[in-house]
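Below is one structure, written out as structure tokens; comments come after it.
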């Protein structure tokens, strides 16, 4: 399944990407994001647009993005979808960095990315993220508890796989302060339990399926 964004959603994604790409650590970044209405997304935009925005924020690891989830602290389902989208973006960033490193790191006279073992690990991450994306955006359309939980679990698992694979691809240097990879790993692990752990969301999916079957 492929989720296709409409023109307005693409415009939001591109505008946000352009703003954040070169200003991720700028002190006034959140002021600029506020001017774009990011904190008011839940009021002024659809859940799909919230997902679009938070996937971009996740790809650049914008600080405090999930903590401010669209300004609606009581809307747990929307906050969960936003977190799933943020995890999706984080996983994409870790995969991109890992692929770039695999292309430049040489061992035994050739790039490590040319070895099948590395290719297969990176391909597994690509597949996991591609399978998670329609669940995240499908949940933004549906917003049912089962869909939201499925999105959170799949995005969390895919992002965690990306971080684990990234560490394996980078080797020992991935644990050093010279690279941001260890910080990504820590952030992803923390976000996996934000707005419900994987076990809690799997249980909610199971309860929903059992209730549907019995009813």
Between residue 21 and residue 177, how many nm apart are label points set 7 Å from Cα along the C-beta direction?
3.1
Binned Cα-Cα distance frequencies in region 92-215 - 10 Å width, integer %
13, 36, 28, 15, 6, 1, 0
Could you calculate the contour length gain from residue 213 to residue 103, that is, 0.36 nm times the residue separation minus the distance between their Cα atoms, to one decimal place in nm?
34.7 nm
For region 142-188, how big is the tail of P(r) above 13 Å, as a whole percent of Cα pairs?
59
Of 20, 94, how do they rank once you tally other Cβ atoms within 10 Å and put the fewest first?
20, 94
R0 of 25 Å, Cβ-Cβ distance residue 168-residue 199: FRET efficiency to nearest 0.05
0.50
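Taking the beta-carbon count within 10 Å as an exposure proxy, list 185, 54, 108, 131 from fewest neighbours to most. Please report the intermediate quantities before stating the final value.
On the way: 185 21, 54 30, 108 6, 131 14.
Arranged by neighbour count, lowest to highest, 185, 54, 108, 131 become 108, 131, 185, 54.
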Computed FRET efficiency, Cβ-Cβ of residue 6 and residue 127, R0 35 Å: what is it to the nearest 0.05?
0.85
So how do 103, 152 line up by other beta-carbon neighbours within 10 Å, fewest first?
103, 152
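Bear in mind that the values in this text are calculations on the coordinates, not laboratory data. No experiment lies behind these values; they were computed from the predicted model shown. Please note: Cβ atoms are built from the backbone with ideal geometry, for glycine as well, and neighbour counts cover all protein chains shown.
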